[in-house]
Amino acid sequence: MSPQDFTYADVGATRDLPGHCPEGFRPLHVRTRLGEGQEVFRRAAEAVMTWEMHRALGVGIDTSAQRAAPDIDVTVTVAGLIRAPCRVVWTVEEHRRAGWAYGTLPGHPECGEESFVVDRTGDGTVWLTVSAFSRGAKWYAKMGGPATRGLQQAYARRCGTVLRGLSGGEES
């Protein structure tokens with residue numbers, strides 16, 4: 001993976017520096033309780049790693065890979081109009097933690113990185129955490145201001161709601 005392909009400098013920061021937000025970017029951190037137990041974790045992790053969560057959100061996912069893996073390109077399409085090219089920066093698949101992050105490539109309306117991580121805490125509770133840092137790259141994303149940030153927050157919350165359903169977690 002070549003850092004110069006990305007539209008931002010802090011590639012991998014959602015893994016290497018949790019909570020880090022580069023100057024000039026906006027942070028995002030949304031954590032949703034999915035349920036409890038190994039089976040909820042297993043189903044949630046699989047749905048995140050195989051793009052199932054994103055597809056269930058109703059966005060288009062164009063990638064040649066069946067699973068998220070470093071250096072895999074993926075284009076997210078929203079409403080059939082907005083194309084957002086990205087590349088998977090990192091993945092993690094551990095006993096109690098699974099997920100990945102992608103970074104923006106030229107042509108994406110935003111600039112930055114976003115991660116989707118499922119973890120199972122010591123008490124068995126399963127969570128989805130969506131973390132990101134971003135700023136507008138295209139004119140309409142820049143002009144959207146607070147509305148764009150509101151849409152990003154709503155999207156992250158919707159990820160949790162959809163994944164809760166896919167994993168057989170608790171009713172909301």
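Key figures
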item	result
His108 assigned to a loop (DSSP other than H, G, I, E, B) and either among the β-branched types (Val, Ile, Thr) or surrounded by 21 or more Cβ atoms within 10 Å (Cβ to Cβ) (or both)	yes
Hey, Gly37 over 26 Å from Lys138 (Cβ atoms), in contact (Cβ under 8 Å) with a residue 40 or more places away in the chain and not aromatic (Phe, Trp, Tyr) or not	yes
So Val11, is it at pLDDT 95 or above, in contact with a Gly (Cβ under 6 Å, 6 or more places away or on another chain) and not aromatic (Phe, Trp, Tyr)	no
Options Gly160, Gly136, Gly144, Gly122: the member that is of a type in the set (Gly, Ala, Ser) and open to solvent by 60 Å² or more (accessible area, probe 1.4 Å)	Gly122
Residue ID - most open to solvent (accessible area, probe 1.4 Å), chosen from residues in the stretch 87-98 that are closer than 22 Å to Ser134 by Cα and either in contact with an Asp or Glu (Cβ under 7 Å, 6 or more places away or on another chain) or part of a loop (DSSP other than H, G, I, E, B) (or both)	Arg87
Within the stretch 18-33, considering residues that are exposed (fewer than 12 other Cβ atoms within 10 Å of the Cβ) and more than 15 Å from the chain's Cα centre (by Cα), the one nearest to Tyr155 (Cα to Cα)	Gly24
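The values are calculated or read from the model by the stated rules, or taken from the named source; none is laboratory data. Quantities reported herein were computed from a predicted structural model and do not represent experimental measurements. Note that each Cβ is placed from the backbone with ideal geometry, even for glycine, and that neighbours are counted across all protein chains shown. Heads up: the accessible areas ignore ligands, DNA and RNA and are worked out on the full protein's heavy atoms, side chains in. Shrake-Rupley method; radii C 1.70, N 1.55, O 1.52, S 1.80 Å.
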